[in-house]
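Beneath this line is the structure, given in structure tokens, with notes to follow.
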2 protein chains.
Amino acid sequence: MTVELICVGTEILLGNIVNTNAAFLSEKCAMLGLSMYYQSVVGDNPGRLRELLQTAKGRSDVVILSGGLGPTQDDLTKETAAEVMGKPLVEDGQARKEIAEFMAKRGRAITENNWKQALVPEGCRVLYNPNGTAPGIIMEEGDTRMILLPGPPDELVPMFEEQVYPYLHSLQPEVICSRMVKLCGIGESSAETEVLDLIESQQNPTVAPYAKIGEVHLRITAKAQSEDAAYALIAPMERELRKRFGDLVYTDDPQVTLEMAIASLLEEQRLTVTTAESCTGGLLAGRLVNVPGISGYFKEGYITYSNEAKEKILGVSHDTLEAYGAVSQQTAEEMAKGGAKAAGADICVAVTGIAGPDGGTEEKPVGLVYISCYCKGKLYTQKNQYTGSRSKIREYSVASALTLLRQSILKETGCKMA
Amino acid sequence: MTVELICVGTEILLGNIVNTNAAFLSEKCAMLGLSMYYQSVVGDNPGRLRELLQTAKGRSDVVILSGGLGPTQDDLTKETAAEVMGKPLVEDGQARKEIAEFMAKRGRAITENNWKQALVPEGCRVLYNPNGTAPGIIMEEGDTRMILLPGPPDELVPMFEEQVYPYLHSLQPEVICSRMVKLCGIGESSAETEVLDLIESQQNPTVAPYAKIGEVHLRITAKAQSEDAAYALIAPMERELRKRFGDLVYTDDPQVTLEMAIASLLEEQRLTVTTAESCTGGLLAGRLVNVPGISGYFKEGYITYSNEAKEKILGVSHDTLEAYGAVSQQTAEEMAKGGAKAAGADICVAVTGIAGPDGGTEEKPVGLVYISCYCKGKLYTQKNQYTGSRSKIREYSVASALTLLRQSILKETGCKMA
């Protein structure tokens, strides 16, 4: 079964945004065992879109469109796709109701053009959208299936996962299952070198490494007649990977993030954590607070951007700051120790560094970041040298801080990950 | 003059990589005043590529291809493009020499298939590649120009900047310039309604709205014979937008973010700010710390996730928490007031809410977020009801908090934005 992707949006053609939807949808289709031969981008132009849709309809079994479902005049994806599929637009009562509720909840006025979003092709399946006002659509006509999704990734992604993935899965008798073995604390090329023999000899299941910021994810994928059969193929490969990577593996669940794995560890070990951040300025705490229910283990955190704040809030000594500077092992360690004390927490992770673009010196260049974790009386400290933009340096610092936090807990408690 | 983009690579169709080349090339072409109507991605398949190239040749003046110039058997972009343009391949002596030097410098052995990369279409212009072994190619035939670029961004980007941009610029006497008028504190459909008459009557310049989280960006674009002439067309439209949106406009510079605009205001008014966050857990401070040099105005921030932390760090009264709860106007206001006092700052923005997915009640549902800004003795408080995922609720809360912070400063200082 073939699938083709058409992303609609002048902002993509103008290069204003990177088309991450295409990468997301392509990866999911590949996992579903659908063959994708074409991706296209067109602007909000009904003539060109119509032509492309007719071509796509003739050569692919499934056509997925993203974008152009907004309330404004130049959003014409739905109108054009319905026309190509020969379906008139009719109002969907439920969609109208949901749009009204969505706007009311936000206290935003409904303008006339919002109601355009409640129109759907006759006889289609409506994909309701709790994250925005544009419903998605699945329509079938003869052998062609057309799927329309809203452009914003935070609407498209959950709609695809929850409503489109199961639909596409039902079209495809063979199942493709995968597990994601997630590693932290190892680089991509080292991880790949460790499994090169597995990658080279692979058939079913396959193993593929994906580099993420501060993490490497190894996807094991198997094809079989049933889910059980597929997971039976995956199991020995997963055991092999766990044997090779040991504690570097923090989960095999695609939904589990590093911060979630850490939250589980904290819960299991009944430990509390706090954060003392300088250059990351709250992003580390922000990652921990991604986890619902973290409040049992994370009560408070500190952003100590100035030297005075490091002294006042964390009790870093003035002499240390004078002698070694704010970006030093000594300061990082006093921040970690002082943060744990101030919060009355078992653990504190501290980050201090030079995120740039200015402020670097020959001795302490931009990208130099010290991370220290005070864990039940012991200090674990790391010196890192990153490259890249300010935001990249900060993101890598957060990823390293979470990794060090996890490693410290594992060492201090002697516990093994599941 | 029209341009079309074809990216070749099975790894893009599989979703293994995000197609950042497309965004880069699109933006450059837009800046050059070239009209791009189509982008496509195909795999390393000569049949499908040939078909697509023939279509592209028939409808676009310039066709830019990226990827598929490597030394391996499945790299067939050059062979296929040369065939479609009716050019035989011949060896280029300079290319051969450069490949040999490139490999020697890296101490890598040259294999027979490397020499394939020295073959070029007869009569073409060769774009030598100091960053890799694949030379780029510009070929012309009749009215069509085809430009072939290597896929790796660190080879494609410098080759485009140094060799292709000047070539394209010489083809196109007209320039396209744009300004981005960025608004905060208004929704996309309301913003569009305000400018519908301008959008409907537009020709040159044009206005297009883009929705961002908590912001709306209006891009004004003009085409003219020179940059000066283009900006002269943009100026009256920008004045009109500023008249209509007033203080909602925070910048007209595409590079300036809301947090950067706020940092400029703080600097101008010599004010310091701090943050007191509950559900956003550091993300608000993280946005402020995006701005290099914010340390003069932002010294420290607090993440007070538990009630105890709100009492201990911010001095929120136990009675208030008991009587009204942590998510209430009263708590938000005490957090803001207490945060400013604790940090000795002129301003404090506080956020407290229920980010979900659990913890909501009928009276206080998930998505209820109070934001309060204490600014030079006065309190500005906002009650918001968001919907969507935990992360979406948190992102919207941060955007609203920044907007409220900006509005409070404008009100308290009576200053007008530039």
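Coordinate-derived values only; no laboratory data. Since this is a predicted model, take the numbers as computed values, not measurements. For neighbour counting, all protein chains shown are included, and Cβ atoms are generated from backbone atoms with ideal geometry for every residue, glycine included.
The angle between the Cα long axis of helix B:258-269 and the longest principal axis of the Cα atoms of chain B comes to about 50 degrees, rounded to the nearest 10.
Please compute one quarter of the surface area of the Cα convex hull for region A:347-400 and express it in square nanometres. Please list the in-between numbers first.
Working: hull surface 14.7 nm².
Averaged projected hull area, Cα only: 3.7 nm².
Only DSSP H runs of four or more residues enter the estimate; each adds -39500 (n - 2.57), and after division by the residues of the protein assembly as shown the mean residue ellipticity at 222 nm equals -12500 deg cm²/dmol.
Could you give the size of the charge dipole of the protein assembly as shown about its Cα centre, using +1 on the Cβ of each K and R and -1 on the Cβ of each D and E, expressed in debye and rounded to the nearest 20? Let's see the in-between values first.
Values: 82 positive and 108 negative charges, 304 e Å.
Value, rounded to 20: 1460 debye.
Rounded to the nearest 10 degrees, the angle from helix B:188-200 to the longest Cα principal axis of chain B is 50 degrees.
Mind listing which chymotrypsin sites (Phe, Trp or Tyr not before Pro) in region B:165-250 are in a DSSP loop and have 15 or fewer other Cβ atoms within 10 Å?
On the way: sites: B:Tyr167, B:Tyr210, B:Tyr231, B:Phe245, B:Tyr250; in loops: none.
Counting only loop positions with at most 15 other Cβ atoms within 10 Å, none of the chymotrypsin sites (Phe, Trp or Tyr not before Pro) in region B:165-250 qualifies.
The relative contact order of chain A, computed from alpha carbon pairs under 8 Å that lie at least 6 residues apart in sequence, is 10 percent. Rounded to the nearest 20 debye, the dipole size of chain A about its Cα centre is 740 debye, using +1 on the Cβ of Lys and Arg and -1 on the Cβ of Asp and Glu. 3J(HN,Hα) along region B:378-390: 10, 10, 10, 10, 9, 10, 10, 10, 9, 10, x, 6, 3 Hz, from the Karplus curve 6.51 cos²θ - 1.76 cosθ + 1.60 with θ = phi - 60°, whole Hz, x for Gly and Pro. Normalising the average separation of contacting C-alpha pairs (under 8 angstrom, six or more residues apart) by the number of residues puts the relative contact order of region B:258-413 at 23 percent.
How high is the relative contact order of region A:325-389? Use alpha-carbon pairs under 8 Å, at least six apart in sequence, and give a whole percent. All intermediate terms of the calculation are to be shown ahead of the outcome.
Numbers: 125 pairs, mean separation 21.5, N = 65.
Result for region A:325-389 is 33 percent.
Rounded to the nearest 0.05, the FRET efficiency derived from the C-beta distance between B:Glu27 and B:Gln269 at R0 = 45 Å is 0.85.
Quick check: Cα centre of region B:179-257 to Cα centre of region A:191-230, how many Å? So the separation of the two Cα centres works out to 47 Å.
Ranked by Cβ crowding within 10 angstrom, fewest neighbours first, how are B:Met139, A:Met1 ordered?
Working: B:Met139 22, A:Met1 16.
Ascending Cβ contact count within 10 Å gives the list A:Met1, B:Met139.
Stretching B:Thr361 away from B:Asp253 to a fully extended chain increases their span by 34.6 nm, per 0.36 nm per residue minus the current alpha-carbon distance. Return P(r) of region B:2-171 (all Cα-Cα pairs; 5 Å bins starting at 0; whole %; ordered from short to long distances). All Cα pairs considered, the percentages come to 1, 9, 19, 23, 22, 15, 7, 2, 1.
A cut-off of 5 Å between modelled amide H atoms, ignoring neighbours fewer than 5 places along the same chain, links B:Cys7 with B:Ser40, B:Val41, B:Val42, B:Ser66. A cut-off of 5 Å between modelled amide H atoms, ignoring neighbours fewer than 5 places along the same chain, links A:Gln202 with no other residue. What the phi angles of region A:308-323 give under the Karplus curve with 6.51, -1.76 and 1.60, with θ = phi - 60°, is a coupling list of 4, 5, 4, 5, 5, 8, 9, x, 5, 7, 4, 5, 4, 4, 5, 6 Hz, glycine and proline written as x.
Starting from the label point of A:Glu91 at 7 Å along Cα→Cβ, the same points in the other copies fall at 7.4 nm, in ascending order. Shortest first, A:Gly246 label-point distances to identical copies amount to 6.6 nm, with the label point at 7 Å from Cα along Cα→Cβ.
Rounded to whole numbers, the Karplus 3J(HN,Hα) couplings from phi for region B:9-17 are x, 4, 5, 6, 5, 8, x, 6, 10 Hz, using 6.51 cos²θ - 1.76 cosθ + 1.60 with θ = phi - 60°, and x at Gly and Pro. Treating each Cα of the protein assembly as shown as an identical point scatterer and ignoring solvent, apply the Debye formula and state log10 I(q)/I(0) at q = 0.06 Å⁻¹. Normalising to I(0) and taking log10 leaves -0.43. Listing B:Arg244, A:Arg406, A:Arg394, B:Arg48 from fewest to most neighbouring C-beta atoms within 10 Å gives B:Arg244, B:Arg48, A:Arg406, A:Arg394.
Pick out, from B:Pro166, B:Asn114, B:Gly293, the residue whose Cα sits farthest towards the positive end of the charge dipole of chain B, with +1 on the Cβ of Lys and Arg and -1 on the Cβ of Asp and Glu. About the Cα centre, the residue reaching furthest to the positive side is B:Gly293.
Give, in nm to one decimal, the length gained when the segment between A:Gln329 and A:Ala229 is fully stretched (0.36 nm per residue of separation minus the Cα-Cα distance).
Numbers: separation 100, 0.36 × 100 = 36.00 nm, distance 5.15 nm.
Here the answer is 30.8 nm.
Against chain B, whose longest principal axis is taken from its Cα atoms, helix B:46-59 shows a tilt of about 80°.
Evaluated with a Cβ-only charge set (Lys, Arg +1; Asp, Glu -1), region A:2-171 carries a dipole of roughly 100 debye about its Cα centre, given to the nearest 20.
Close amide H pairs (under 5 Å, H built 1.01 Å from N) link A:Ala276 with A:Tyr302, A:Val349, A:Ala350, A:Val351, residues at least 5 positions away or on another chain. Cα centroids of region A:322-386 and region B:318-356: 29 Å apart. Annotation for A:Ala229, label-to-label distances across the other copies: 6.9 nm (shortest first, one decimal, point 7 Å from Cα along Cα→Cβ). Built from the Cα atoms of region A:72-150, the convex hull projects on average onto 5.0 nm², one quarter of its surface area. Counting Lys and Arg as +1 and Asp and Glu as -1 over every other residue whose Cβ lies under 11 Å from the Cβ of A:Val18, the net charge comes to -2. Only residues of region A:117-156 count here: report those whose backbone N is under 17 Å from the spot 7 Å along Cα→Cβ of A:Asp61, or say none. The answer is A:139-147.
Considering every pair of different Cα atoms, what Kirkwood radius, in Å, is found for chain B?
Numbers: mean 1/r = 0.0397 Å⁻¹.
Answer for chain B: a Kirkwood hydrodynamic radius of 25.2 Å.
Kindly put B:Tyr38, A:Tyr128 in sequence by how many other C-beta atoms sit within 10 Å of each C-beta, fewest to most.
Numbers: B:Tyr38 23, A:Tyr128 14.
Placing the least packed residue first, the sequence is A:Tyr128, B:Tyr38.
Candidates A:Leu198, A:Tyr210, A:Val175 compared by Cα position along the dipole of region A:175-251: farthest toward the positive end lies A:Val175, with charges placed on Cβ.
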